[in-house]
Structure formats: C-alpha cells, structure tokens
Amino acid sequence: MTRRERVAAAAAFAGFAVAAVLWSLDGLGTQDESWFLQVTNRVAVGESLYRDVFYGAAPLAVWTAVPAVWLLGAQILWIKALVIGCFVGELLLLWAIGRRLGAGAWELVVLGAALLVWSPPYDIGLYQPLATLLLLACLAAILAWASEGGARPLVLAGALAGLAFAAKQNVGVYAALALGGAVLLAGPAGRRLRSLALAAGSFAGAVLVVLVPVAATGGLPKLWEYGFATKGSYTDRGAISYRLGTDLQLSLVRRPVDGLVDAGNAVVHAYDLVLYALVPAVLVALVAAWFRARNEDRVRVAVIGLFSLAAAAAIVPRADTAHLSFVFPVLLVGGWYAARVLAGPRPRGLRLAAALVLVVLAPVVLARAAWPPLQLARGDTRLSGLPHARGVFVEPAVEDELARAAARLEREPRPLFLATPEAGILYLTAELENPTPYDFPVATALGRHGEDELAADVERGRFAAVCVDFGLEAPLVPDRLAAAIERTLEPGEDLGPCRVYRR
C-alpha cells in the first residue's frame with residue numbers, strides 16, 4: 001500500500017467516524033439508552049449497583065460511564081459519546097487487523113463502510129458495544145500472538161476476554177471459549193497447556209478486578225440473581241428465533257411506501273435484511289477457506305473462525321436485527337478474510353470487487369452522514385431542550401410529549417412508580433426518585449422475585465400512583481404486576497408515554 005493509498009483510506013475512516021457521530025446524535029433512545037443513563041446516574045449519586053439498582057449485565061459498562069456522569073452530570077450525550085467511542089475503536093481495530101493480514105486500501109475502506117452500514121452506534125446502553133469492542137480486541141491480540149508469539153499479547157488477549165465478560169457475560173464466555181480454542185490450535189507444540197493456563201489466569205484476574213467494587217458494596221448476591229440465575233426467563237420470554245427474526249425484518253421491507261421517508265426506511269430495512277444472509281454465508285465461507293488454506297493461513301482462518309462462531313453464538317436467543325448488528329464487527333473480519341483466502345494468493349479483480357461493494361454500500365453510507373443534518377435543517381428534528389438530552393437531535397412531537405408528561409408527573413403524589421420501558425427518560429426529565437430497584441420494568445428485568453414484590457407493593461398501597469404502559473411484546477409484559485395495577489388502582493389520565501393509575 002502506497003503512502004497516498006494509506007492517506008486516502010485514513011481519510012475515508014475519518015469520514016465514517018464523522019458520519020457515525022451525526023447518525024448517533026440524530027435520535028433520543030427513550031428506552032435502553034435512557035434506562036442505562038438512569039442506572040448510571042443512580043450509582044453516581046451513591047446507590048449501590050445490584051443491591052439498590054437492578055442491572056442485568058456485569059458491571060464494567062456502568063463503571064466506565066459513572067465518572068462522566070458524576071463529574072459532568074446525567075446527560076444522554078455522555079452515553080452516546082462512549083458508544084461512538086466503541087465504534088471508533090472498532091474502526092481502528094479493523095484497520096489494525098486488516099493491515100496485519102495484508103489488506104489493501106480498497107479492502108480497508110470496504111471494511112469501514114460495511115461497519116457503518118451494518119453496525120453503526122445505536123441509541124442503546126454501553127454494555128453491548130463495549131463487549132463487542134473487547135471481543136474484537138481479543139481477536140486482534142490473539143492474531144498478534146499467533147504471528148509473533150510472546151507472553152504479552154497472550155496475557156492481553158486473556159484480559160480482554162475477561163473484560164468482555166465483565167461488560168456482558170455471554171459475550172465474555174464465548175470470547176473465553178474462542179480464545180482457549182485459538183491457543184490450542186495456534187500455540188507451539190509442547191507449550192499449549194502452559195499458554196492456555198496463562199490466558200485463563202489473565203481472564204480470571206480481569207474479571208476479579210472488575211467485581212471487587214461489587215463485592216465491596218454488597219451487590220454480589222443480586223449480581224448472581226440478576227445476571228445469571230434469572231437468564232432462563234430472558235431465554236424463554238424474550239427469545240426470537242433466526243427464522244422469526246428474518247420474517248419480522250421481511251415484513252418491514254414489504255410495508256407500503258408513502259413518500260421519501262418511507263422509501264428511505266424501506267431501503268435501510270432491506271440492507272438490514274441482508275444481515276440474515278451474511279451470518280451463515282460468513283460461517284460457510286470460513287469453512288471453505290479452511291479447506292483451501294495452507295500453513296499459516298489455515299491457522300489464521302481457524303482462529304478467526306472460532307471468534308466468528310463466538311459472535312454468532314452471542315446472537316442467541318434473540319435474533320433480531322439489533323443483535324445481529326451488535327456482533328457484526330467480528331463476523332465482518334471473518335467474511336473478509338475468508339473471501340481473501342478463497343480468492344487465492346494473487347486475486348484478480350479484487351480491487352474491482354471492492355469498488356463494486358462500495359457502490360452497493362454507498363446509499364446507506366451517505367444516508368448516515370447526510371440524513372441527520374438534513375432533518376435538522378428541514379425542522380423535522382431540533383436540538384433537544386430536555387434537561388438530560390442536551391445536544392441530541394429529537395423530533396419535536398416526541399420531545400414535547402415527554403416534556404408534558406414529565407411536567408404532569410412532577411405534580412403526582414409520592415411515592416410514584418413508572419411501569420413503562422420509557423421510565424428512564426421520564427425519571428430523569430421529571431427529576432423523580434424511583435422508590436424501587438427497577439428502572440426498566442419488563443418481565444425479564446425483575447429478577448426472580450421482583451414482579452411478585454412489585455405486585456404486593458401495589459396491592460398494599462405502597463405507591464400513591466403508578467404510570468403504566470406495557471406496550472411490549474406479549475411475553476415481556478409482567479402479567480402479575482399488570483393485573484395488580486388493574487385490580488387495585490383507579491385509571492386516570494393518559495400522558496402519552498404512560499397512563500396514570502392512582503390509589
């Protein structure tokens with residue numbers, strides 16, 4: 001790669017990062033993103049994670065976000081900045097992995113464009129983007145170890161897998177399994193068990209360091225309950241099969257189109273639908289590449305294949321487009337390297353193929369960059385005036401409804417409980433204190449006894465009012481809590497995000 005090509009590729013990557021920033025700012029995540037900020041804010045002001053505040057993932061993402069919220073205040077912008085940072089980190093890792101494995105400038109640009117198209121920074125909590133970043137970093141470290149040897153990259157890979165576990169448990173478990181398999185496949189004969197022990201020790205050390213604050217604040221029993229013991233409920237009630245996910249996405253593509261906005265959404269939905277074909281295609285391509293490859297290339301294909309399997313496993317049990325997108329960065333490496341191996345040592349037309357892929361990806365790449373400022377200029381969005389959403393582009397109708405609901409909730413008698421997936425943004429905007437640990441009251445986020453406890457609280461009159469909206473997939477509705485509210489409380493005004501029920 002010439003210096004001019006490197007500069008051009010670097011400029012393209014910078015453009016992808018800018019587009020990701022604009023795309024991320026164009027939207028207020030009133031559910032997962034706001035819930036994560038609410039959890040982080042409660043911890044920042046002194047409540048104990050797990051003991052006082054429900055959180056279903058391991059604690060690293062919260063510990064990462066707490067300093068910004070504690071120092072600078074509870075703002076959605078800080079969560080977005082951290083999620084964007086994960087995206088930029090993935091871009092840099094794709095560059096590093098691509099350069100290590102011989103990617104040319106056009107190939108690097110394709111990798112960056114595909115990341116922006118299929119795994120942009122969503123309006124979500126930090127835990128999943130951070131876990132994916134760490135999984136990809138673990139792959140980069142073990143590839144360096146397979147090529148160069150030495151203890152340092154192996155220890156680093158083990159620590160990164162441990163941190164992935166500390167961000168999101170299932171991703172960390174799969175990272176550890178992929179790392180163990182990679183060590184056994186790529187390690188020097190006679191030293192594989194020693195290398196495996198070194199990686200395992202590094203993994204365990206990283207996990208223990210992150211768990212020390214949890215133990216110190218008395219949160220370990222609830223971490224076990226929320227993060228492990230009740231995950232079967234999520235599997236049973238929140239599962240979406242791969243086929244169902246495909247059908248749901250196909251239904252979005254087939255929706256009637258009315259106007260430019262609907263047409264644009266249909267195009268984006270079609271690109272998202274492609275993800276369902278890409279995941280099995282990448283795994284099949286890696287198998288074919290393994291049979292074709294020889295020597296060092298075969299080892300690399302095997303290592304990348306193990307991490308691609310880990311990423312694919314993390315889709316289970318909820319195979320919607322969001323979860324496919326979350327793990328796509330690792331699968332992207334697998335698909336690219338498999339294609340490179342299958343093309344042979346002197347791939348003719350590789351540059352032309354990369355150019356054609358870029359042409360295919362260009363509409364969404366341009367939309368990520370141009371659509372947010374265009375929406376702002378047309379008045380379809382505006383800079384938010386909500387106290388905890390400064391700097392975010394929001395639809396005026398959405399912001400106005402949230403502001404009205406928050407103002408009305410401020411006048412409700414206390415204690416007030418918000419039984420809605422949008423509880424986080426309402427607690428923050430109305431400056432309300434949640435009298436329970438549960439800021440996202442769906443059936444899979446209440447632990448083993450949370451739903452029964454909340455239902456009992458309603459029945460014995462603990463809450464003066466509850467604002468309710470269980471507009472969820474039916475399996476996720478906490479039925480016992482909903483029945484207790486309907487049976488015990490009197491319905492009042494519909495505020496938009498939720499309806500008030502009073503004693």
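The values are calculated or read from the model by the stated rules, or taken from the named source; none is laboratory data. Quick caveat: nothing in here was measured; it's all calculated off a predicted structure. Reconstructed Cβ throughout: ideal geometry from the backbone, glycine too, with neighbour counts over all protein chains shown. All accessible areas refer to the heavy atoms of the entire protein, side chains included, with ligands and DNA or RNA removed. Shrake-Rupley method; radii C 1.70, N 1.55, O 1.52, S 1.80 Å.
Are any residues in the range 214-231 closer than 17 Å to Val316 by Cα, part of a helix (DSSP H, G or I) and open to solvent by less than 40 Å² (accessible area, probe 1.4 Å), and if so, which ones?
Gly227
Output the number of the condition that Pro256 fails; it satisfies all remaining conditions of (1) surrounded by 18 or more Cβ atoms within 10 Å (Cβ to Cβ); (2) of a type outside the set (D, E, K, R); (3) modelled with pLDDT under 95.
Result: Pro256 passes all but (1).
Please verify whether Ser119 is under 24 Å from Val279 (Cβ atoms) and polar (S, T, N, Q), treating the condition exactly as stated.
yes
Using the structure shown, decide if Ser251 is loosely packed, with under 14 Cβ neighbours inside 10 Å and polar (S, T, N, Q).
The answer is yes for Ser251.
Would you mind listing the helices (runs of 4 or more DSSP H) fully within the range 68-171 where at least 2 residues are open to solvent by 10 Å² or more (accessible area, probe 1.4 Å) and β-branched (Val, Ile, Thr)?
76-100, 105-118
So for the range 356-364 (the condition being more than 27 Å from the chain's Cα centre (by Cα), assigned to a helix (DSSP H, G or I) and either closer than 14 Å to Leu108 by Cα or not β-branched (Val, Ile, Thr) (or both)), does at least one residue qualify?
yes
Based on what the data block shows, is Trp35 open to solvent by 10 Å² or more (accessible area, probe 1.4 Å), in contact with a Phe, Trp or Tyr (Cβ under 6 Å, 6 or more places away or on another chain), in a helix (DSSP H, G or I) and of a type outside the set (S, T, N, Q)?
Yes.
I'm trying to understand the selection: among the residues of the range 38-67, which are surrounded by 19 or more Cβ atoms within 10 Å (Cβ to Cβ) and assigned to a loop (DSSP other than H, G, I, E, B)?
Tyr50, Phe54, Tyr55, Gly56, Ala57, Ala58, Pro59
Per-residue answers, yes or no, for (1) open to solvent by 40 Å² or more (accessible area, probe 1.4 Å); (2) farther than 17 Å from Leu361 by Cβ:
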residue: Asn265; (1), (2): yes, yes
residue: Val268; (1), (2): yes, no
residue: Leu278; (1), (2): yes, no
residue: Val284; (1), (2): yes, yes
residue: Ala288; (1), (2): yes, yes
residue: Val299; (1), (2): yes, yes
residue: Leu306; (1), (2): yes, yes
residue: Pro317; (1), (2): no, yes
residue: Ser325; (1), (2): no, no
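Name every residue in the range 174-233 that is in contact with a helix residue (DSSP H, G or I) (Cβ under 7 Å, 6 or more places away or on another chain), farther than 20 Å from Ala151 by Cα and of a type in the set (S, T, N, Q), in order of residue number.
Ser233
Would you be able to say whether some residue in the range 247-257 is closer than 28 Å to Pro345 by Cα and under 19 Å from the mean Cα position of the chain (by Cα)?
Among the residues of the range 247-257, not one is closer than 28 Å to Pro345 by Cα and under 19 Å from the mean Cα position of the chain (by Cα), which makes the answer no.
So, restricting to helices (runs of 4 or more DSSP H) that lie completely within the range 367-469, which ones have at least 2 residues that are surrounded by fewer than 21 Cβ atoms within 10 Å (Cβ to Cβ) and at pLDDT 95 or above?
396-410, 450-459
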